[in-house]
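Only one structure is covered here, and it is reproduced in the block below.
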Amino acid sequence: MYMRAFAEAWPEEAIVQQAVGQIPWGHNVVLLTKLKERDTRLRYAVATVEHGWSRNVLTMQIEARAIERQGRAVTNFDRTLPAAQSDFAREALKDPCKLDFLGLQEDAREREIEQALVDHVADFLLELGAGFAYVGRQIHLEVGGDDFFIDLLFYHLRLRAYVVIELKAGKFSPEHVGQLGFYMTAIDAQVKHEQDAATIGLILCKSKNQIVAEYALRDNARPLGIAEYQLAQSLPEPLQTNLPTIEQIERELAGGSDDAGSS
């Protein structure tokens, strides 16, 4: 039944050249049963080939709607980054960023979230996506004799750029952009190497007004992004197609065997 569904989903003769022809059969079954849209299936297949996802990781990424959330953060990358980088940088950011694996309540404070992210850094890196490398938390910077501390610092291997992440356990406010921009300037002056690309900033907040966020970034010359985070597990949208699950097929087969024996 799944082989027939596979043939109907991908009728092209050259399908073996597509990503779905390069992943194991079990992965294709996941794509067929979890996703309805052809383009979405193909995007997850391409990501599976690119990142080497196991079947369990693929299932988790689909259930978390990881690819559907890519590129939805409010950014100014189209104006502040070279064309070769802007699209890739925008796709690297998700909105919302799902942090339900932290096990925290919605009223958690910034430092609690920050510490939990460090404790679960492997899960956080998986949520951020391929290419992110963790540098540290509460990174100390001295500017003019004053001490400043960056919440989280990452380095993106594909973009060759530092990524400064500021956590805000409340609604986004325009002054957050000024604070993050100051940290980015300090990273450029004290940490960034000549070979590195421009430092990127990301504000992760509990909520944001879309229009306010767009206004806050409109005339800013630094590459910035604003995205929401979710601490609680939200109910997933219906993902299953009309294809039966493996368990349903097994039950049908078992029932058919019983009927054949009794006849």
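The values are calculated or read from the model by the stated rules, or taken from the named source; none is laboratory data. Fair warning: this is a prediction, and the values are worked out from it, not measured in the lab. Cβ atoms come from the backbone with ideal geometry, glycine included; neighbour counts cover every protein chain shown. For the accessible areas, the whole protein counts, side chains as well, though only heavy atoms, and no ligand, DNA or RNA atoms are used. Shrake-Rupley method; radii C 1.70, N 1.55, O 1.52, S 1.80 Å.
Residues in the stretch 158-167: is at least one open to solvent by 40 Å² or more (accessible area, probe 1.4 Å) and either assigned to a strand (DSSP E or B) or in contact with a strand residue (DSSP E or B) (Cβ under 7 Å, 6 or more places away or on another chain) (or both)? The answer is no, given that none of the residues of the stretch 158-167 is open to solvent by 40 Å² or more (accessible area, probe 1.4 Å) and either assigned to a strand (DSSP E or B) or in contact with a strand residue (DSSP E or B) (Cβ under 7 Å, 6 or more places away or on another chain) (or both). Check every one of the helices (runs of 4 or more DSSP H) wholly within the stretch 1-101 and list those with 2 or more residues that are surrounded by 18 or more Cβ atoms within 10 Å (Cβ to Cβ) and without any contact (Cβ under 8 Å) to a residue 40 or more places away in the chain. Passing ranges, in order: 25-34, 38-51, 55-63. When Gln105 is tested against (1) open to solvent by 70 Å² or more (accessible area, probe 1.4 Å); (2) farther than 30 Å from Thr59 by Cβ; (3) touching a residue at least 60 places away in the same chain (Cβ under 8 Å), exactly one condition is not met: (2). All conditions in (1) open to solvent by less than 60 Å² (accessible area, probe 1.4 Å); (2) touching a strand residue (DSSP E or B) at 6+ places or on another chain (Cβ under 8 Å); (3) of a type in the set (A, V, I, L, M, F, W, C); (4) touching a residue at least 24 places away in the same chain (Cβ under 8 Å) hold for Leu125, with the sole exception of (4).
The test for being assigned to a helix (DSSP H, G or I) and in contact (Cβ under 8 Å) with a residue 24 or more places away in the chain holds for Leu117.
For the stretch 130-152, give me each residue that is surrounded by fewer than 20 Cβ atoms within 10 Å (Cβ to Cβ) and closer than 25 Å to Lys208 by Cβ. Those that are surrounded by fewer than 20 Cβ atoms within 10 Å (Cβ to Cβ) and closer than 25 Å to Lys208 by Cβ: Gly131, Tyr134, Arg137, Gln138, Ile139, Phe148, Phe149.
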